[in-house]
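Q: One structure is given below, represented as structure tokens, and several questions about it will come after.
The values are calculated or read from the model by the stated rules, or taken from the named source; none is laboratory data. Keep in mind it's a predicted model, so treat the numbers as computed, not measured. Please note: Cβ atoms are built from the backbone with ideal geometry, for glycine as well, and neighbour counts cover all protein chains shown. Side chains are part of the model used for accessible areas, which takes the heavy atoms of the whole protein and leaves out ligands, DNA and RNA. Shrake-Rupley method; radii C 1.70, N 1.55, O 1.52, S 1.80 Å.
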Amino acid sequence: MKQSASRWLAAALVLLGAASYGMLSPFIKMAYERGFSGVQVSASQITMGTVILWLLVLTNPKAWANPFRQSWIKLSLVGIFGLALTTFFYNIALSELDASLAIVLLFQFTWITILMDCLHGRKWPKPQQLVAVGLVVAGTLLAVNLFDARMTDVSPLGVAFGLLSACTYSLFLFAAGKVETTLHPVMKSAVMLTAALPVLYAINPPHTIFGADTGSLLLWGALLGLLGSVLPTVLFNIGIPKIGSSLAAMLASMELPVAVTGAFFILGERVVPAQWAGMALILLGIVVSEAKLPASDNRADDG
């Protein structure tokens, strides 16, 4: 019973992290409406997210430990390849493609993560996983209203970087629970984001944060950093080791329904019936992915 309760709690934390990440999109659009560029928003988000994490480390004695005595190199690689490159690749995809197509490409992380898990464990995916992936992919196509969108002059470069963003995000979901460390999840997340900073600064120089409205931008960065960097990274680092990357990938697909619902309530964007149906399919896929699991699978399936 305790193991089952722990697994469900871990799943709830991953779901909450995905929901937090999903709320990022409406607020990013609001920041754009305030006149900030994508480069400014990205740089301020990651910077402030990292600052918040280190403040949490410094104010929580239980979180503090010497990261250099742990698997800090592996954590840094996860931060660079799983967090920094996902942001970089996805931003390029968004600049080259319609947003609806870009997010469909990103959401290929659902089946890519399960494929990574199966290759690592040398096992075939479970039948309910295959059904769940089909439901999530179908739901994603409907939820972004792809069939009614105009997909003219699709950029091969945008498609390539969209798929790369799916691969790097899958790498983060897959590797987050693989690095063996006793570090507190907050410290673990701080190490990951700190390692991502140099890469992101090479792409989005830090001077882009400073300007005529620096104070306002930093406030937006704090909000976006909390939603998009702090909460998802910490909650994923807590939950994924307990439930495994395959289920985590299904739960992470909750980002899209939350993003669409947030745009509906916060921005007043129109949501057609097909999109609501797509979100229902995604939720059904999450339920199916967890169906009929053997009792022995209370721990992660990833080994």
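The rows are residues; the columns are (1) more than 27 Å from residue 113 (Cα to Cα); (2) open to solvent by 50 Å² or more (accessible area, probe 1.4 Å); (3) touching a residue at least 12 places away in the same chain (Cβ under 8 Å).
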position	(1), (2), (3)
19	no, no, yes
38	yes, no, yes
48	yes, no, yes
61	yes, yes, no
66	yes, yes, no
70	no, yes, yes
73	no, yes, no
78	no, no, yes
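Q: Step by step: first the residues of the range 243-293, then only those that are within 20 Å of residue 110 (Cα to Cα) and of a type in the set (Val, Ile, Thr), then the one that is most open to solvent (accessible area, probe 1.4 Å). Which residue is that?
A: 287
Q: Under 7 Å between Cβ atoms, which residue pairs at least 6 apart in sequence (or on different chains) link something in the range 245-266 that is among the polar types (S, T, N, Q) with a partner that is in a loop (DSSP other than H, G, I, E, B) and open to solvent by 10 Å² or more (accessible area, probe 1.4 Å)?
A: Close Cβ pairs satisfying both conditions: 245/177; 245/302; 246/301.
Q: Kindly indicate whether any position in the range 80-94 is among the polar types (S, T, N, Q) and at pLDDT 85 or above. I'd like the intermediate steps shown before the answer.
A: As a first pass, look at the range 80-94 and keep what is among the polar types (S, T, N, Q): 86-87, 91.
Subset that is at pLDDT 85 or above: 86.
The answer is yes, given that some residue of the range 80-94 is among the polar types (S, T, N, Q) and at pLDDT 85 or above.
Here's the yes/no breakdown for (1) surrounded by 21 or more Cβ atoms within 10 Å (Cβ to Cβ); (2) modelled with pLDDT of 80 or more:
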position: 152; (1), (2): no, no
position: 161; (1), (2): yes, yes
position: 192; (1), (2): yes, yes
position: 200; (1), (2): yes, yes
position: 206; (1), (2): no, no
position: 216; (1), (2): no, yes
position: 226; (1), (2): no, yes
position: 233; (1), (2): yes, yes
position: 241; (1), (2): yes, yes
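Q: If you check every pair at least six apart or on different chains, which have Cβ atoms under 8 Å apart with a residue in the range 153-170 that is over 10 Å from residue 92 (Cα atoms) first and a residue that is of a type outside the set (Ser, Thr, Tyr) and open to solvent by 40 Å² or more (accessible area, probe 1.4 Å) second?
A: Cβ pairs passing all conditions: 155/96; 168/81; 170/116.
Each row is one residue, and each column tells you yes or no for (1) closer than 15 Å to residue 160 by Cβ; (2) buried (at least 23 other Cβ atoms within 10 Å of the Cβ); (3) under 20 Å from the mean Cα position of the chain (by Cα).
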{"site": "84", "(1), (2), (3)": "no, yes, yes"}
{"site": "94", "(1), (2), (3)": "yes, no, yes"}
{"site": "122", "(1), (2), (3)": "no, no, no"}
{"site": "138", "(1), (2), (3)": "no, no, yes"}
{"site": "145", "(1), (2), (3)": "no, no, no"}
